[in-house]
Amino acid sequence: LYSGRPMSQTPDAAHLSDYINRREIFAELAAEDALLIMARGLGLRSIMSAFIQIYCQAQSLVLLVNTSSDEETALRDTLPFEARQSSHFKSITSELNASERAEIYRCGGVLAITSRILLADILNDVLPTHLVTGLLVANAHRITATSSEAFVIRLYRTRNSDGFLKAFSDNPEAFAGGFSTLEKTMKLLYLRKVNLWPRFHVMVSESLEAHAADVIEIRQPMTKSMKAIQAAIIDCIDACLQEIRRSSSAIEIDVEDFTVEQAMFKSFDVTIRRQLDPIWHRVSHKTKQLVSDLGTLRKLLAYLVSYDCVTFNNFLEAIVASNAPSSGHSFHQHSPWLFTDPADKIFSTARARVFLKQADYVDPDDPSLPPGMRPILEEQPKWSVLSDIMDEIEMECYHEPHPEGQDAILIMVEDQRTCNQLKMYLASNKSSSSSRGKPLLRELLHGYLRWKSDMKHVRQNLMGSKTTNHVTAPVSQGGQSLTRGQPPNKRRRVRGGATVVASAASTSLKPAFDQEAEAMASFIESHREDFMQATGDFAEKEDDDDPLSPHFGLIEPSTLVIVRPYHGEEDAQLLDHIKPRFIIMYDPNPSFVRSVEVYKACHPGKQIRVYFTVYDNSVEEQLYLSALRREKDSFSKLIRDKSIMVLPIGDIQSKQVRDQSLLRNIHTRIAGGGKLTNEVKVPQIVVDIRELRSSLPSILDAQGFTVIPCTITVGDYVLSPNVCVERKSISDLISSLSSGRLYTQAEAMTAHYSQSVLLIEFDEDKSFALQTASEVRPDISITDISSKLVLLTLAFPTLRVIWSSSVHATVEIFEDLKRSEDEPDMVAAQAIGVDQQQGIDSDFNLVPQDMLRCLPGITSKNYRQVMRKVGSIGELAEMDLEGLRGLLVDAGAAESLYEFLHRDTRLDLVKRK
Amino acid sequence: DAAPAPPFVPRNRSTIVVNPSQRGNPLLQHIRNVPYEFGQIEPDYMVGLTSCVVFLSIRYHRLHPEYIYSRIAAIGKSFVLRVLLVLVDVDTHQQAIRELTRVAVTSEFTLICCWSNEEAARYIETYKAYENKPPDAIRERVDNDYLSKLSDCLTQVRSVNKTDVVTLSSTFGSFQSIVEASADEIGLLPGFGEQKVKRLIEAFHQPFVVDPHKRKRRRA
């Protein structure tokens, strides 16, 4: 068994010797428990992996919490070979059952574990918490008072006061926002010390700037049309913001500092959403739509520089298509920005980058294009910059070969898509007639045309043919009457060219889209073979020689080009592996700049040249600069906060809370202040394991209840053999009322318990009200939440309802409900609602389960059966009609499911029938 | 004490019967969608043959804490659905709500909280209007058009939105083809970043049942 103590009290940091600062940072953290906040790119992960390496042994039991599975894999990769091979760094997932987990705990080592499982194991005493050597908390910025990690830490600290606790974060912005966020997080972590390592820390900057790399910054202006689109998008964002400001006067959000600059940040729409979430049920449809539009527009800004012109236009058209009026949706709302002038500008300019309408134009290079379409195919300006840089490097390598005989060129890009595209771009040869990008764009154009031609039927099938017919009434239904090359709408032909969308009044935006799709469809149908061949040819050509992925071959060429997307902390390893001589930062990324600096500091002798390309005066540039500024400001604020922070005093507080609440519980029952004796039973509550994600179990525990987590099918909390509670936050309540899930849950609860309770829990920080007077509409409508509640209570008159203004109020009410009731029985609670065939222990993956339940023919009665018999959504989709009949029993259900799975929206279903 | 009063029979079955003691209650002026009449009944409002409402404002409850107990005792179990409609008209409501919750649970009343007279009137109206309405609106939906079903299903995956659903459907055609598409194919589509692709693929191919031992046994 592990001794419960680390092997050595002062772990050595030999493996960090490459870089002096990291040793410093490590030693500081090893000496005393603390929260470590580092600037991105300085190597937080290597510090974490150093800790893992030290405790990767049977003598210790260290738990690593709050990491994603990707992060675990990445951490594993940073470990040296022996440590990676050893069985002492393990991930614990829900696939292991309790006894297997107990065995792993017995063996010791470093265990990466999800908080939900850890909570269950601590509470059920599967894990000997008092023997744990220490706790490593990753992503400390995500810990909030209500997160399950905070609960884990509290349980750990109350049961084990000797073990260490180190927390890590590389997100200073998260701690700087809000009111004393750092202080609150420190309290949750039971830590008294915070170690701050910004980039501007004297030691860091000295050591990094001593060996600065050779950097060439290239500022490429955007094309005229890109600038126009960017300006138009910003106009749209501004319009959306103004609209939100106007419509949200009644709602309690802080809309004053909504500015366009703010709106460009990655998390802006998320921030608004978070502010609105607790009152989401009171937010108007219009505001909801506007918030999601802001997200779309922000995406557009990013895609403008990262997508090529064809894909960008394609994305725009998909947005238009999904906003088409449709008969089937009563809830459907149109995005208002689509009907503004700047939006017209965006659509028309984006299209003009791809092709122009020109009557009787036939493309000389590519006869398979529909006539009247003149391809423009504007290349991304950075492509040619990249091409020039590559030429320059080639020259340099030729004249001045690297002494070690290896000249790796590393091109770093934002995402996998850009990565693939650049690979293709670089693979195509430069010819005198056309630049490198043309063949690539032509292929994309063909893909787009194919998509567009399918769109005709897709729109009919998806949006309902009724609407399409209605909108395009004069055009006829199937497109048979269309002769190719002759757009049916005269007005459009007259105006022609790039102004198609811009000139169209907003209402005719959709018909134009429709008609064009039909025109293309009929052309491509008539030329199907030529067309396929043309695209096929290109695909073959492209497969021939791919000189870009040979770096794992046996013989390494003297110059190799590697294109990679940014991956945060993993980039440091990438640099170590590749040891590039040239680095091209195709997209700006602050964290990677640091990684290069650190790499350079570790290898001072190496010759590195960095090319840094950025669009001049673009949002891209602005984002890069403000990200740097925000990080710096955050650290400055944290340094100030650190100096004035009120330090929490260890674990004593929580013990006091526990004792007090126990005493309070007891003296109400024992007159004359009877003494606390061991005979008094601690009240118990059985909690569904899924509920461990919410904050209620944590507060129940703090208030002196014994929380027993297990998988229960009916209800969320079982207070006694008679009392069962289903807990709903407001947003849950609304969604589960309309999805019908609550009805099913109420049905099950009332069938199995004599007192079934629906707990409606409001957010503590928000007002305690479901509707305000001004929101009550003059007439009774079934869409109102109150109407649905009425229906629910009418259907289940024995269902009790609890209205709780906060989690704390819930705990008090639970105390009341439990009074004079017997303690719940875990085994009995688990068995309720479970049919015989199904084991109690088995757990279902939630997303596939939810998807399954949305499918037609699947009901609350049969979905469990389906999940037992079929492995996954993928397996279900492959089944034939016979199989489905056998599975669902009900033939009608099987047929509708089969029809749903196999209906091809690209085919003309109307015609076929 | 006295013998129970004879049950009041309303003239019209579609009216709400209001206890005369409610005369002057400001919520009455907001009952506009359903007619009401006064009649000698035990509860405050009779909103159906088998359901009744007792109204209580928390402000009143604080002044007369014993009132609600006597009302509840008088009604006993004489209706199938007994609603305790509580108007939250004070700021420090937690203690009162806690007490009323306890009362409601022990005497088998359904507690409904509201925050304005308008809302209170709306609940009373709705109980009457929906007296015989089947609960279809809150049941699992059975029938719907193709796109909403497809959207409902695919948007279960986080960050997938309606535009993405249209893109997926128009590119791959059927649901089956979407499920069978490879990560690379999906990754090429506009609007699909690595995270989104990963989540989608995971949702399609992750087994329903978590426990691997069970899966093996089932297949065997």
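The values are calculated or read from the model by the stated rules, or taken from the named source; none is laboratory data. Just so we're clear, the structure is a prediction, and the values are computed from it rather than from any experiment. We place every Cβ from the backbone using ideal geometry, glycine too, and count neighbours over all the protein chains shown.
In table form, for the structure just shown:
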| item | result |
| --- | --- |
| Residue A:754 within 11 Å of chain B (Cβ to nearest Cβ), of a type in the set (Gly, Ala, Ser) and farther than 27 Å from residue A:860 by Cα | no |
| Search result, residues across segment A:780-797 that are among the polar types (S, T, N, Q), part of a loop (DSSP other than H, G, I, E, B) and either facing chain B (nearest Cβ under 7 Å) or in contact with a Cys (Cβ under 8 Å, 6 or more places away or on another chain) (or both) | none |
| Residue that is modelled with the highest pLDDT [pool: residues in segment A:265-302 that are within 14 Å of chain B (Cβ to nearest Cβ) and not in a helix (DSSP H, G or I)] | A:267 |
| Cross-chain or 6+ apart pairs with Cβ under 7 Å, segment B:151-176 first and without any contact (Cβ under 8 Å) to a residue 24 or more places away in the chain, then aromatic (Phe, Trp, Tyr) | B:170/A:451; B:171/A:451 |
| Tally, over segment A:603-615, of residues that are out of contact with any His (no Cβ under 8 Å at 6 or more places or on another chain), in contact (Cβ under 8 Å) with a residue 12 or more places away in the chain and surrounded by fewer than 19 Cβ atoms within 10 Å (Cβ to Cβ) | 3 |
| Residue A:86 vs. criteria of a type in the set (Ser, Thr, Tyr) and farther than 28 Å from residue A:577 by Cα | no |
| Test: residue in segment A:856-868 that is more than 12 Å from every other protein chain (Cβ to nearest Cβ), in contact with a Phe, Trp or Tyr (Cβ under 7 Å, 6 or more places away or on another chain) and modelled with pLDDT of 80 or more | no |
| Subset tally (residues that are touching a helix residue (DSSP H, G or I) at 6+ places or on another chain (Cβ under 8 Å) and either in a helix (DSSP H, G or I) or without any contact (Cβ under 8 Å) to a residue 24 or more places away in the chain (or both)) for segment A:215-230 | 5 |
| Residue list for segment B:148-163, filter: in a loop (DSSP other than H, G, I, E, B) and either small (Gly, Ala, Ser) or closer than 11 Å to residue A:855 by Cα (or both) | B:159 |
| Selection status of residue A:802, surrounded by 20 or more Cβ atoms within 10 Å (Cβ to Cβ), hydrophobic (A, V, I, L, M, F, W, C), at the interface with chain B (Cβ under 10 Å from one of its Cβ atoms) and outside any helix (DSSP H, G or I) | yes |
| Whichever residue in segment A:406-425 is in contact with a strand residue (DSSP E or B) (Cβ under 6 Å, 6 or more places away or on another chain) and of a type in the set (A, V, I, L, M, F, W, C) and, among such residues, is nearest to the other protein chains (Cβ to nearest Cβ) | A:419 |
| Qualifying residues in segment A:736-751 (those that are more than 8 Å from every other protein chain (Cβ to nearest Cβ) and in contact with a Ser or Thr (Cβ under 6 Å, 6 or more places away or on another chain)) - the one surrounded by the fewest Cβ atoms within 10 Å (Cβ to Cβ) | A:750 |
| Residues (more than 11 Å from every other protein chain (Cβ to nearest Cβ), more than 19 Å from residue A:853 (Cβ to Cβ) and part of a loop (DSSP other than H, G, I, E, B)) located in segment A:881-911 | A:908 |
| Conditions (1) out of contact with any Gly (no Cβ under 7 Å at 6 or more places or on another chain); (2) of a type outside the set (Ser, Thr, Tyr); (3) under 28 Å from residue A:381 (Cα atoms): number failed by residue A:606 | (3) |
| Residue, nearest to residue B:176 (Cα to Cα), within segment A:870-891, restricted to residues that are in contact with a helix residue (DSSP H, G or I) (Cβ under 7 Å, 6 or more places away or on another chain) and at pLDDT below 85 | A:888 |
| Residue within segment A:729-738 that is among the acidic types (Asp, Glu) and either assigned to a helix (DSSP H, G or I) or within 29 Å of the chain's Cα centre (by Cα) (or both) present | yes |
| Test set (1) at pLDDT 80 or above; (2) hydroxyl-bearing (Ser, Thr, Tyr); (3) in a loop (DSSP other than H, G, I, E, B) - residue A:434 fails condition number | (1) |
| Contacts under 6 angstrom Cβ, first residue in segment A:188-210 being surrounded by fewer than 22 Cβ atoms within 10 Å (Cβ to Cβ), partner in a strand (DSSP E or B), 6 or more apart | A:195/A:36; A:196/A:37 |
| Residues located in segment A:847-902, provided they are of a type in the set (Ser, Thr, Tyr), closer than 21 Å to residue B:205 by Cα and touching a Pro at 6+ places or on another chain (Cβ under 9 Å) | A:872 |
| Where a residue in segment A:388-402 is of a type in the set (A, V, I, L, M) and its partner, wherever it lies, is modelled with pLDDT of 85 or more, with Cβ under 7 Å and at least six apart | A:389/A:584; A:389/A:611; A:393/A:409; A:393/A:582 |
| Residue count, segment A:710-731 (criterion: of a type in the set (S, T, N, Q) and either free of Cβ contacts under 8 Å to residues at least 40 places away in the same chain or under 10 Å from residue A:830 (Cα atoms) (or both)) | 3 |
| Among residues of segment A:195-214, those that are out of contact with any Lys or Arg (no Cβ under 8 Å at 6 or more places or on another chain), part of a loop (DSSP other than H, G, I, E, B) and within 20 Å of residue A:36 (Cα to Cα), counted | 1 |
| Single unsatisfied condition, residue A:773 versus (1) surrounded by fewer than 20 Cβ atoms within 10 Å (Cβ to Cβ); (2) at pLDDT 90 or above; (3) touching a helix residue (DSSP H, G or I) at 6+ places or on another chain (Cβ under 8 Å) | (2) |
| Number of positions in segment B:166-186 that are among the β-branched types (Val, Ile, Thr) and within 7 Å of chain A (Cβ to nearest Cβ) | 4 |
| Residue list for segment B:148-160, restricted to those being more than 7 Å from every other protein chain (Cβ to nearest Cβ) and closer than 20 Å to residue A:904 by Cα | B:150, B:151, B:154, B:155 |
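Conditions tested, residue by residue: (1) modelled with pLDDT of 85 or more; (2) over 30 Å from residue B:79 (Cβ atoms); (3) more than 25 Å from the chain's Cα centre (by Cα).
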| position | (1), (2), (3) |
| --- | --- |
| B:137 | no, no, no |
| B:141 | no, yes, no |
| B:147 | no, yes, yes |
| B:150 | yes, yes, yes |
| B:154 | yes, yes, yes |
| B:168 | yes, yes, yes |
| B:171 | yes, yes, yes |
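Conditions tested, residue by residue: (1) at pLDDT below 90; (2) acidic (Asp, Glu).
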| site | (1), (2) |
| --- | --- |
| A:529 | yes, yes |
| A:543 | yes, yes |
| A:549 | yes, no |
| A:574 | yes, no |
| A:580 | yes, no |
| A:584 | no, no |
| A:591 | yes, no |
| A:612 | no, no |
| A:621 | yes, yes |
